[in-house]
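Note sheet for the following structure.
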Amino acid sequence: MSNKIYKLSDPSGKTSAPPLREGTLGPATLDIATLYRDLEIFTFDPGFVATASCESKITFIDGEKGVLLYRGYPVEQLAEKSSFLEVAYLILYGELPTNIQFEAFSNSIKRHSMVNEAVLRFFTGFHYDAHPMAMLTAVVGSLSAFYHDSTDIHNPKHREVFAHRIISKMPTLAAAVYKHGTGQPFVYPKNELGYCDNFLNMLFSVPAEPYHVDPVSAEALDLLFILHADHEQNASTSTVRLAGSSGTNPYAAIAAGIATLWGPAHGGANEAVLNMLKEIGDVKNIDKAIAKAKDKNAGFRLMGFGHRVYKNYDPRAKIIRATCHKVLQKLGRADDPQLELALRLEEIALKDEYFIEKKLYPNVDFYSGIIYRALGIPVHMMTVLFAIARTVGWVAHWQEMIADPHMKIGRPRQLYTGTAKRDYMEIGKRI
Ligand code: ACO
């Protein structure tokens, strides 16, 4: 708690002195919980532009400096030295694991990789061209109809089993979503494979011939998963917290997060970036696209650009941009015209007064789609891959919230501007 005092008073002389709370890093936060009691006023902040919705110890972002820390560790160090499963452990448990802890964790994640056959039968209800995110939202929500042995959210052991189950089953379900769309048979998980190798095998192998996971692809996927694992109180994570705050089944809360991630202003941007690059088509059309993005009446934004928190280069985008060339080279796709187009688009946008003034930089989704495409992931599956990685963050935030003895149901207030009280009029008397 800071000793700075902010005093608010109303014309009648009533006062409120909301305490200022200091975090470990980042701006201090005015704790306005007693404001309504003291002054009978609410605060108004649509879109949570300046409102902290909770206290958290998981992830820190400094948007002005372009800093991202998971449990205090810079994402650049984790991207270079760690693995997705190790980062998952760190985000969930707060510390990097010892060898013994990591072995136990990865064994547990492997053990939970199969899904009940009845869940797989749900897919027959979807049309072949259903959007993968629609299917993923539905099947993850349907998991709440299973696993009744471990859904007492107030039992820490149950919460842990849930966390391992959902992190383990997401690749299996994501691959099933893809297989349903292609008409190929589902492929069961192989527990001797690593997390990303196993996913690629379920995605691309077919019974007719042997399939060998390309280690370059698995490594690139692992890196992208690290970079997408958590991002503090983003829209989907806040949705998971809000849904979870009612005490709902955790699988249902994660399904709500997946639904939120789908939107093009959030995780759906990786799909939107590739569609946009396809539409731009050629370097010679970039100026036209930039002009359209600046025209408020055009209803078009440069996808993969801009961020609510980052007013500097998104550190994740910086890592992916640097990796893009290397991965594409190794995969024999170095001459990808969309990478050249993206690099040129970025170069031109970053010199443009509009983007400079509004501090619009490439975000994580600007380059991720180019790597995903080089790995053979179809465009409409890209947000599904984001969801696999972000499940770790969603689960960690849900856990943190439920374990807090002071947890309250999330229930925002509103500024009502509708009609004032009036009396019901019989239908025949209305004009
Ligand atoms: N292209 C053109 N103009 C933009 C863009 C863009 N990509 N992003 C923001 N702007 C402009 C807005 O028009 C607005 O201009 P104004 O001040 O003249 O009205 C200003 O920049 C601020 O934009 P807001 O929408 O108010 O910023 P907000 O923080 O609410 O939105 C968002 C952030 C949603 C990410 C936005 O930048 C955007 O739509 N970007 C494109 C979609 C995208 O890439 N989303 C992925 C985000 S990362 C993630 O979720 C994984």
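Mind checking which residues of the range 401-431 are surrounded by 10 or more Cβ atoms within 10 Å (Cβ to Cβ) and farther than 22 Å from ASP45 by Cβ?
Within the range 401-431, ILE402, ALA403, ASP404 qualify.
Would you point out the residue of the range 130-165, among those that are touching a helix residue (DSSP H, G or I) at 6+ places or on another chain (Cβ under 6 Å) and not in a helix (DSSP H, G or I), that is farthest from ILE91 (Cα to Cα)?
Going through the qualifying residues, I end up with ASP152.
If you scan the range 351-394, which residues turn out to be within 10 Å of the ligand (Cβ to nearest atom), basic (Lys, Arg) and over 16 Å from the mean Cα position of the chain (by Cα)?
Selection gives LYS358, LYS359.
Let's see how each residue does on (1) open to solvent by 10 Å² or more (accessible area, probe 1.4 Å); (2) of a type in the set (Gly, Ala, Ser); (3) under 19 Å from LYS351 (Cα atoms):
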residue	(1), (2), (3)
GLY267	no, yes, no
ILE286	no, no, yes
ALA291	yes, yes, yes
VAL309	yes, no, no
ARG316	no, no, no
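Quick one: would you say ALA220 is more than 26 Å from HIS325 (Cβ to Cβ), of a type in the set (Gly, Ala, Ser), more than 14 Å from the ligand (Cβ to nearest atom) and part of a helix (DSSP H, G or I)? It would help to see each step written out before you state the result.
Numbers: more than 26 Å from HIS325 (Cβ to Cβ): no; of a type in the set (Gly, Ala, Ser): yes; more than 14 Å from the ligand (Cβ to nearest atom): yes; part of a helix (DSSP H, G or I): yes.
No; evaluated as a whole, the condition is false for this residue.
Under 8 Å between Cβ atoms, which residue pairs at least 6 apart in sequence (or on different chains) link something in the range 256-271 that is in a helix (DSSP H, G or I) and of a type in the set (Asp, Glu) with a partner that is at pLDDT 95 or above and within 8 Å of the ligand (Cβ to nearest atom)?
Between residues of the range 256-271 that are in a helix (DSSP H, G or I) and of a type in the set (Asp, Glu) and residues that are at pLDDT 95 or above and within 8 Å of the ligand (Cβ to nearest atom), there is no close pair.
Take ALA317 and tell me if it is closer than 24 Å to HIS228 by Cα and either within 10 Å of the ligand (Cβ to nearest atom) or modelled with pLDDT of 95 or more (or both). Give the steps one after another, and end with the answer.
Numbers: closer than 24 Å to HIS228 by Cα: yes; either within 10 Å of the ligand (Cβ to nearest atom) or modelled with pLDDT of 95 or more (or both): yes.
It is true that ALA317 is closer than 24 Å to HIS228 by Cα and either within 10 Å of the ligand (Cβ to nearest atom) or modelled with pLDDT of 95 or more (or both).
Run down THR34, THR43 and say which single residue is more than 19 Å from the chain's Cα centre (by Cα), at negative phi, open to solvent by less than 50 Å² (accessible area, probe 1.4 Å) and not aromatic (Phe, Trp, Tyr). Break it down into steps so the answer makes sense when it comes.
On the way: THR43 fails: open to solvent by less than 50 Å² (accessible area, probe 1.4 Å).
That would be THR34, the only listed residue that is more than 19 Å from the chain's Cα centre (by Cα), at negative phi, open to solvent by less than 50 Å² (accessible area, probe 1.4 Å) and not aromatic (Phe, Trp, Tyr).
Out of everything in the range 295-307 that is buried (at least 16 other Cβ atoms within 10 Å of the Cβ) and out of contact with any Lys or Arg (no Cβ under 8 Å at 6 or more places or on another chain), what residue ends up being nearest to HIS231 (Cα to Cα)? Steps first, please.
Step one: filter the range 295-307 for residues buried (at least 16 other Cβ atoms within 10 Å of the Cβ), giving 301-307.
Filter once more, keeping what is out of contact with any Lys or Arg (no Cβ under 8 Å at 6 or more places or on another chain): 301-305, 307.
Numbers: ARG301: 22, LEU302: 21, MET303: 19, GLY304: 16, PHE305: 17, HIS307: 12 Å.
Selected residue: HIS307.
If you go through the range 326-341, how many residues are surrounded by 15 or more Cβ atoms within 10 Å (Cβ to Cβ) and either closer than 22 Å to VAL216 by Cα or within 13 Å of the ligand (Cβ to nearest atom) (or both)? Quick ask: steps written out before the conclusion?
So in the range 326-341, the residues surrounded by 15 or more Cβ atoms within 10 Å (Cβ to Cβ) come out as 327-328, 330-331, 333, 336, 338-339, 341.
Next cut, either closer than 22 Å to VAL216 by Cα or within 13 Å of the ligand (Cβ to nearest atom) (or both) only: 327-328, 330-331, 333, 336, 338-339.
Of the residues in the range 326-341, 8 are surrounded by 15 or more Cβ atoms within 10 Å (Cβ to Cβ) and either closer than 22 Å to VAL216 by Cα or within 13 Å of the ligand (Cβ to nearest atom) (or both).
The values are calculated or read from the model by the stated rules, or taken from the named source; none is laboratory data. Computed from a prediction, not measured in an experiment: that's the story for all the values here. Neighbour counts are summed over all protein chains in view; Cβ atoms, including those assigned to glycine, are modelled from backbone coordinates with ideal geometry. Only protein heavy atoms, including side chains, enter the accessible area calculation; ligands, DNA and RNA are left aside. Shrake-Rupley method; radii C 1.70, N 1.55, O 1.52, S 1.80 Å.
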